[in-house]
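Notes follow once the structure below has been shown.
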Amino acid sequence: MAANRDVLLGLVEEFVSGQQDSKAAETATGVKTGQFTVLELVEALGLSLTSPEPQTRGRGVQLLSLVLQECYVNVSESEVEVLITFYENRLKDHYAITPHVLQGINALTKCTLPSGLSVSILRSLFQDVHVQGLGADFVFGFVQAMDGERDPRNLLLAFQIAQSIIYRGYELGKFTEELFEVTSCYFPIDFTPPPNDPHGITQEDLIMSLRAVLTGTPRFAEVQAAVYREAPVGCVGTVYFVSVWLSVSLDRLVVLLRQYLLPLIIEKIDSDVQSAKLDSLQTLTACTAVYTHKDLAEFLSGLWTSLRREVFQTASEKVETASLSSLKALAACLSRSVQKSDSDDALQGFLDLVLTDCKHHLCEPDLKLVWPSAKILQAVASASYRASHKITGAVVPVLLEQYKNSTQCAQRRTLLEVVQGFVQPVQSSLPGEGDESVLSGFQEPLCSLVFSALCESSTGLQVTSTRVLTALGQQPGLLSVPDVELAADHLTRLVLEEEESEVCSAILECSGSLARLFPTAFISKMIPKLKEEIFSEPMEQGESNAPKHAHSQQAVRQRCVKTLAAVSSKASVAQESAPILLEVLSSAHSGSCSFSLEEVVSACHSLQRIAAQAQDTEDVGRLFHDIIIPRLLGLAVQAALHGEGEGARNSPLTEESVLFSLVLVMSTACGRLQSQLAILTASRAVSLFLDGDVSFLPENDLPSPLQLLKKQPEAWRQSQLVCLLMACVCSMPRSVEIPQIDRLFCELEELSCTCTHPFAYTSAAKCFAGLLNKRPGGEELDSMLERTMKRISSELDCASSSFRVQAFTLLLWVTKALLIRYHPLSTVLTDKSFGQDKPVFGHPAVLLTCPRRSPTDRKSGYLKALSHIVNHLPRRVQITELPALLPLLLEALSCTEQGNVRIASLRCLHALSRLPEHMLLPFRARVIRALAVPLDDKKRLVRKEAVLARAEWFLLGSPGR
């Protein structure tokens, strides 16, 4: 114990007399570890605390307070009471000690205070801490202290104090204007922090702090003990402390703001400095959240004049956007006012002002200022339902009349786009419960306008009209059932007639949006006509324009099948459209209708889109499980079997492009099935391919037994159907257990190693790898891998084997599967795959390595591939492999035999320069030296790549890079 006391006395002596601030941390560590207690520290400070010198006493109190800030959790309740009594007495000491006393009290307030101690602390603070009176005198003193302040640290603090003074009801007296001026002179903030600023104060920090002073919300607050740990340099501790111990609040803000802020904002909006404009506009927008219409009334005219000018005349999109936001916020603020019979309606007055200055521009023949006026009107209308009702009621009739009288397509399109802005629903302006839409009175003329525009030949008018139609549909009650049916008829006509890609895209988007809202109309009106067109017979080939017509009809069919997919987000629509697409595939297979290969692929893509976008409901799941997947499997099996006979018709469903599209359909559908349906689908698919079970197929009059996974001479059409098995089982969630998986592995391994059809054995290998990736780890997985690797090795080691390519393909996909699951065997297989000792990358995305000892011609190929891969690798992989990759690339720069090797290496180095700078800087000097050599290369292309790469490495660490 004596030794600990000696240590403590030494620490105190070195801190107090030796001015070694680091000893405070050592003392705190001793308290934390139990080497000594806080009260023992107080005893050790005895001579320091009773010293006649204020500086010595201050250092003693400072040490105690610093230790308490770190060790307040180690202080017991009884010790807290003793220490509070000690600090209350010290408040009567020299004023230079007071800041350290306040720091200590701040630390102790984090402990559990005994009953009555909080009141005692507050009483001592207000009795013994000598500051200006907390009223007009205090405000005057604060104004004097803040005046001329330039240090950003102190400005942040000053703004916080000013905010508290205003919000919490301190008597401002005759110093109201002085307080506003001393803070508002910094508005708008123009501050650029110095490089490597240790304090981290940004322009945005100052802007937001000052804005809080000017625009914050008045509120009532309870007394709360909240003190910052340490006052910044240059601030008097007592004033700092009082700034955060402010009590009951009163609303004084609006008087200050109404008198001084709004004229200042108007002045700054009219400034030529863009940053000042933006800050002023954003501040005005923030102000409106707490203002009332009375605060704005006398300044509305000036604000409107400034904001209108910024929208009409500014060349800055940012300023225009901020001005429109301020106009919307002003209108929203005025909309919150309660209208009284004996007073003017502030909102109506402001809206009249806006309409007077903007509405007439919509009627000008040249429409020169129509867009600025429309943007202003739309911004104000979007502020509230009241504003929207007034603006829309005044503007829409004018636009409708202008459109009716206009003869030029360009003007009509402009007017229609303006109408779209007023029709587009905005949440803040939507009618409340019991209110009708502001457009209800214009339902009939708006629908007539849209339908007439849809009949125009102008692409722009057609596209814009579809957008207006979509907006009308999104608002309840604006499209009646006859209107929706007429819209479906118009859209169907455009699908059949219009070839312009922009119009087609707009039609698909509009049809999809409206079909989600009105599925019944599209089921009855659009889908039957699309079906009729899809299965219509082409013209006789003897006619002179038959080839041209056939091409046109093919394009129409493809637009029809795309539209079927676009409108099928609802289960009810999908149940009508999906069978039509299945019928397309069936007709193409049977030859009953002459569908091209592209049309068959397009039908598959539409089915996939339905599977991806349709609502995830049980009805949709049943549709795919019960109808679509069995029908697709049945058609594919029929096509494979019927195409085997001599002279048999080759069905398009046996083509690789179609099978690949079917894989996308089935994998998308199976991936979204509900759990029970997924289990049943997996079981059905496995039983079909392993046992030839066709009982679930809609047309099951197939030869039995089927052996789809068995190698059969000239039966590649059946073998390639393994891709559909892959689509079903590999897309299932891991929670779905695949039945007969061991037998499935054996059959897939056999097929992938013995089949001679590339698409078939590649699909079998992919399916094998997909199932391998789902297989839980353990002895069963290891034994299966051992068996498979023996089979692969036997084929690869036999030079005369005719199945080496197949075995190598299986090896690649097995390796990829193991890499993805980070299996230990993956590294061995990577080495085996590429015959080298150490791979450059050990990541699943990379199956290419670049051995140092490769021949020059092979090294060129490796580096070319590597230069492409580096750009697409995940960032974390690039960073991990950087130390191993850079030496390899620098070594390749000395390969003088082939310029291609040097070019590839330079491209890799160029790509690596985009990695985080802190990772590259250790290599910068070495790389720059190495890149100096190819600058003088005899080949121009090498020199060009060297310049590009070296420039990027030179710029590493530069500001603004």
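The values are calculated or read from the model by the stated rules, or taken from the named source; none is laboratory data. Predicted model, so just to flag it, every value in this text is computed and none were measured. Heads up, the Cβs are rebuilt from the backbone with ideal geometry, glycines too, and the neighbour counts pull from every protein chain shown. Note: accessible area is taken over every heavy atom of the protein model, side chains too, but ligands, DNA and RNA are not part of it. Shrake-Rupley method; radii C 1.70, N 1.55, O 1.52, S 1.80 Å.
Just a few scattered comments:
- 3J(HN,Hα) from dihedral phi, the stretch 57-63, Karplus parametrisation 6.51/-1.76/1.60, rounded to Hz, x for glycine, proline: 4, x, 5, x, 5, 4, 4
- Largest accessible area first, the listed residues ARG557, ARG684 line up as ARG684, ARG557 when surface is computed with a 1.4 Å probe on the assembled protein chains.
- Accessible area per residue (1.4 Å probe, heavy atoms of protein chains only) ranks HIS361, HIS918 as HIS918, HIS361, with the largest value leading.
- Overall shape of the stretch 689-809 was characterised from the C-alpha gyration tensor. The equivalent ellipsoid obtained from it has semi-axes of 24, 20, 11 Å, in decreasing order.
- Note on ALA315 and GLN203: the extension gain reaches 37.9 nm, defined as 0.36 nm multiplied by sequence separation minus the Cα-Cα distance.
- Share of Cα-Cα pairs in the stretch 58-108 lying beyond 16 Å, as whole percent: 30 percent
- The figure for HIS605 is an accessible area of roughly 80 square angstrom, using a 1.4 Å probe on the protein chains alone.
- Taken over the stretch 571-693, the convex hull of the Cα atoms encloses 97 Å³ per residue.
- Calculated on the alpha-carbon coordinates, the convex hull of the stretch 14-107 measures out at 84 cubic angstrom per residue.
- Phi to ³J(HN,Hα) by Karplus 6.51 cos²θ - 1.76 cosθ + 1.60 over the stretch 85-94, Hz, x for Gly, Pro: 4, 4, 5, 4, 5, 6, 5, 8, 7, 4
- FRET efficiency for the GLU43 to GLU149 pair, using the beta carbon distance and R₀ = 51 Å, is estimated at 0.75.
- Ratio of Rg to Rh over the stretch 1-159 (Cα coordinates, Kirkwood Rh, two decimals): 1.02
- Net +/- balance of residues flanking VAL16 in space, Cβ distance below 12 Å, scoring K and R +1, D and E -1: -1
- The charge dipole of the stretch 44-133, taken about its Cα centre with unit charges on the Cβ of Lys, Arg, Asp and Glu (plus for the first two, minus for the last two), comes to roughly 180 debye.
- Among the listed pairs LYS23/LYS92; LYS562/LYS774; LYS294/LYS368; LYS710/LYS774; LYS328/LYS368; LYS375/LYS562, those beyond 29 Å (Cα-Cα): LYS562/LYS774; LYS294/LYS368; LYS375/LYS562
- As a calculated quantity, the FRET efficiency between THR617 and LYS529 at R0 = 25 Å, using C-beta atoms, amounts to about 0.40.
- Accessible area in the full protein assembly, largest first, 1.4 Å probe, for THR288, THR202, THR112: THR112, THR202, THR288
- Shape of the stretch 337-428, Cα gyration tensor, a/c cut at 1.5: prolate
- Cβ crowding within 10 Å averaged over residues, with 413-424, 438-449 ranked highest first: 413-424, 438-449
- Cα centroids of the stretch 334-411 and the stretch 656-721: 63 Å apart.
- Extension gain for GLU14-PHE954 works out to 333.5 nm (0.36 nm per residue, less the C-alpha to C-alpha distance).
- The packing ranking, built from the mean of other Cβ atoms within 10 Å per residue, places the peptides 271-282, 790-801, 756-767 in the order 756-767, 271-282, 790-801, highest first.
- Listed peptides 465-472, 64-71 by packing density, highest first (mean Cβ within 10 Å): 465-472, 64-71
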